[in-house]
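Values quoted throughout were computed directly from the atomic coordinates according to the rules given, and no laboratory measurement underlies them. Keep in mind the model is a prediction, meaning the values are calculated, not measured. Every residue, glycine among them, receives a Cβ derived from its backbone with ideal geometry; neighbour counts consider all protein chains shown.
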Amino acid sequence: MFSTAAVLSLVALAIVIIISCFREEWNPGLLGIFFALLVGTIWGNLSGSKVLGFWPTSLFMTLFGVTFLFGMAQENGTLDKLTISAVRLAKGNTALIPLIIFLIVLVLTTIGPGNIATVALIAPFAMAIAGRIGLRAFLMTLLVVGTANAAALSPLSPTGIVSLELVSKMAGDLGIELGRVVSIQWKVYWNSLVAQCITNIAGFLLLGGLAWMRKARGSLNIDEIAPKPEPFDGKQRITVVIIVAYVILILMPLLPGASQALPKWAIRLFSNVGAVAFLLSGILMLCGAANVRKSIARVPWFVLTLVCGVTVLVEVMDNTGGLNVLVELIGSISTPLTLHFWVALIAGIISAYSSSSGVVMPMFLPLVPGLMRNLGIMGTPGQVAYAIALISTVDVGAHMVDMSPLSTLGALCVACAPEQEDKSKLFRHLLIWGLSMSVVGGVVCLFFFGILGL
């Protein structure tokens with residue numbers, strides 16, 4: 001029999017999710033802290049300081065460091081110039097532009113800015129290009145948002161960092177060594193790329209992209225679409241070097257033999273994404289490479305408090321037994337194979353109306369050990385492989401619906417659509433696509449992570 005605190009913690013989370021569907025401006029994370037204090041202190045025998053101590057300081061600092069670093073790169077114009085320079089590689093070949101935009105979004109999202117920042121940067125530019133080359137805004141949205149979500153699970157980007165921190169917390173329960181967590185997150189990133197890119201590229205080609213590419217073999221004046229930018233100034237050149245250094249320093253401890261070749265202080269420093277981001281941000285500040293006040297204003301504080309606040313409520317759920325209630329409910333309708341479908345479906349439905357990284361991932365990822373235990377997977381030879389597949393299911397299922405105009409990413413593309421587009425029609429098509437992805441996401445996750453066992 002479940003305790004009153006366990007049931008009420010689950011009810012509190014449901015209330016936060018429902019409110020986030022209709023009044024996101026209230027910040028579900030702060031509401032999560034409110035309900036965590038009520039349930040935890042009144043029914044859960046927890047002190048107020050204990051509840052507030054559940055605030056994930058490490059996660060907050062990591063997200064702050066990464067978003068601040070790339071906020072500086074955006075504030076001084078470096079990311080804009082890099083994007084325009086990349087698009088100009090198409091020269092006169094119109095049909096290459098979608099491929100180049102795909103690669104730009106893939107690289108930018110992977111190396112640090114993340115899906116929201118990348119779409120905010122690329123959407124106005126990409127949608128304007130779509131209007132000029134005759135590509136439907138719906139297809140460009142599939143390309144931009146689909147690719148950004150596919151690459152969002154990189155352990156260098158904010159969403160991937162959220163997943164990484166949550167997986168680190170349950171690594172012991174899953175039989176995963178802490179030293180392997182980062183490499184496992186790269187595997188989750190790869191799984192996300194495969195599942196989401198195949199789905200979205202297939203949609204792009206079948207719904208008109210292939211026909212457009214056949215017609216778009218002619219040439220165009222690239223200077224009309226992406227005028228040649230001014231040369232990089234000194235501050236921007238420094239920023240490019242810093243971005244390259246960021247990627248190298250993060251990847252360095254993961255290279256074979258790195259633990260023996262690198263000094264211990266380097267391993268301690270470079271093994272944390274946030275620490276590297278703050279270190280390099282400090283160099284940019286000392287070089288005067290960007291306006292610090294404006295860069296700090298670009299940090300998505302709303303998202304940071306959302307993610308961390310919901311995590312506080314989930315920790316109270318864990319301490320009061322609320323997570324066990326969810327495990328029992330989901331486990332009662334699942335087998336080890338069909339679990340991938342049900343988890344992705346439920347995560348997708350909730351994510352369609354709330355935040356993928358701020359609400360759904362903190363809610364569902366902590367369920368992984370309990371679900372595996374409930375279905376008898378713990379202690380089997382394939383335990384770790386199944387855990388990686390189920391983590392991928394949660395992350396992919398939560399993000400496949402984000403094409404919806406009810407999400408930040410879909411809404412950005414609708415807002416940036418060219419004047420000749422029927423925005424009501426675009427809104428309707430994106431809504432249908434996004435909501436249908438909750439079911440499609442369940443099938444995709446069942447196939448890739450259940451049947452194929454990626």
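A few points about this structure:
- The longest part of the chain holding none of the exposed loop trypsin sites (Lys or Arg not before Pro), meaning those outside H, G, I, E and B in DSSP with at most 11 other Cβ atoms within 10 Å, is 218-454.
- Other residues lying with their Cβ under 15 Å from the Cβ of GLY114 contribute a combined charge of -2, Lys and Arg counting +1, Asp and Glu -1.
- Using the average count of surrounding beta-carbon atoms within 10 Å as a protection proxy, the listed peptides 251-258, 381-388, 42-49 rank, highest first, as 381-388, 42-49, 251-258.
- Degrees between helix 28-38 axis and first principal axis of the chain (Cα, 0 to 90, nearest 10): 10 degrees
- The stretch 1-156, relative contact order in percent, only Cα pairs under 8 angstrom and at least six apart counted: 16 percent
- Placing unit charges on the Cβ atoms of the charged side chains and taking the dipole of the stretch 71-166 about its Cα centre, the candidate lying farthest along the positive direction among PHE138, SER154, ILE116 is PHE138.
- Nearest-ten-degree value, helix 97-111 long axis tilted from longest Cα axis of the chain: 40 degrees
- In degrees, nearest ten, helix 78-87 long axis to first principal axis of the chain (Cα): 60 degrees
- The stretch 257-277 and the stretch 180-232 have Cα centres spaced 33 Å apart.
- Listed cross-link partners LYS169/LYS264; LYS91/LYS187; LYS215/LYS425 are compared with a 31 Å cut-off, the Cα-Cα value being larger for LYS91/LYS187.
- Value of [θ]222 nm, deg cm²/dmol, for the chain, DSSP H segments ≥ 4, -39500 (n - 2.57) each, nearest 500: -22000 deg cm²/dmol
- Dipole check for the chain: with +1 at the C-beta of Lys and Arg, -1 at the C-beta of Asp and Glu, and the Cα centre as origin, the magnitude is about 820 Debye.
- Ordering SER168, TRP301, LEU206 by the projection of their Cα atoms onto the charge dipole of the chain, which places +1 on the Cβ of Lys and Arg and -1 on the Cβ of Asp and Glu, puts LEU206 at the extreme positive end.
- Packing rank of 10-19, 317-326, where each peptide gets the mean count of other beta carbons within 10 Å, highest leading: 317-326, 10-19
- Separation of the stretch 303-324 and the stretch 46-72, taken as the distance between their Cα centroids, equals 13 angstrom.
- Taking the stretch 376-450 and dividing mean pair separation by its residue count, relative contact order in percent (alpha carbons under 8 Å, at least six apart): 38 percent
- Reach of LYS228 by Cα under 14 Å, taken over aspartates and glutamates that are not fewer than 8 positions away in the same chain: ASP80
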